[in-house]
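Only the coordinates and a few stated rules stand behind these numbers; no lab work does. Everything numeric here is computed off the predicted structure, so don't read it as measured data. Positions of Cβ are generated from backbone atoms using ideal geometry, with glycine treated the same way; all protein chains shown enter the neighbour counts.
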Amino acid sequence: MAKRQENNYFVMLRELVGFSVSAAQKLQMCLNEFDPDRLPAQLDEMHEIEHTADLANHGLVDKLVKEFITPIEREDIAALAAQLDNITDEVEDVLLRVYMFNVRTLRPEMSRFVELIVRCTTLLAEVMDEFENFRRSRTIKDKIIEINDLEEQGDRLYREAIRSLYAGDATVEEKLIWTELFDCCERCCDACEHTSESVENVIMNNT
């Protein structure tokens, strides 16, 4: 008789996306109440979220290696876990670069970007909530499409932000710094869309 599945990987994936949401919310809080002098302490708090997410990801992989039966392909579970962990890494990277570049004043587009990141991660968490019952879910595909729409909004915001940056009177140094920061923000949205597309591919391969 085959050994029964011992672990609920859908629950573990929901835990991982929860760290992405927490990181995005932490980023939003830090930048909405921006105080450069508080960044070192805030970075420690953000890194604690990222480190805990890493540990959860490693724990999932360790269990997956030993699992006899999995609800979907083990490669798909491992890939989704890695992608979710990457989202948390990308969000942390935004705050880290604000600190590294010694940013003292935020450009207005930054709050709009961070709001999009929070919305993307929150919606992705809703997708993962539905994932375990994807064959019966009436909303998961609509949520995946909505994440795609948010990513397109991020692309438009990126173009507008870069154009405004280079059309204004920013110094060369400011242009380099903010181009990199806007790139980081866009990567957060891209990572969410990439993960939602991976979920969609799993659904297509299992229905």
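Annotation: extensible slack from N133 through F68 equals 21.3 nm (criterion: 0.36 nm per residue apart, minus Cα-Cα distance). The protection proxy used here, the mean number of other Cβ atoms lying within 10 Å of each residue, ranks peptides 95-106, 119-130 as follows, highest first: 119-130, 95-106.
Of the residues I87, I72, I144, the one that moves most in a GNM of the chain with alpha-carbon contacts below 10 Å is I72. Each stretch of four or more DSSP H residues adds -39500 (n - 2.57); spread over every residue of the chain, this sum gives -28500 deg cm²/dmol at 222 nm. In a simple Cβ point-charge model (Lys, Arg +1; Asp, Glu -1; nothing else charged), the chain has a dipole of about 540 debye relative to its Cα centre. For N102, neighbours were defined as the other residues whose beta-carbon sits under 12 Å from its Cβ, and their charges (Lys and Arg +1, Asp and Glu -1) total -1. Couplings 3J(HN,Hα) of the range 202-207, computed from phi: 4, 4, 4, 7, 10, 10 Hz, in residue order, whole Hz [Karplus 6.51 cos²θ - 1.76 cosθ + 1.60, θ = phi - 60°; x for Gly and Pro]. With the convex hull drawn around the C-alpha atoms of the range 93-207, the volume per residue stands at 94 Å³. Taking the chain as a whole, the Cys residues whose C-beta sits 4.7 Å or farther from every other Cys C-beta are C30, C184, C185, C188, C189. Taking label points 7 Å from Cα along the Cα-to-Cβ direction, D37 and R97 give a separation of 2.7 nm. If you compute P(r) over Cα pairs in 10 Å bins from 0, in percent for the structure shown, which of (1) 8, 33, 38, 18, 3, 0; (2) 9, 33, 32, 17, 7, 2, 0, 0; (3) 9, 37, 37, 15, 2, 0 do you land on? The listed entry that was calculated here is (2).
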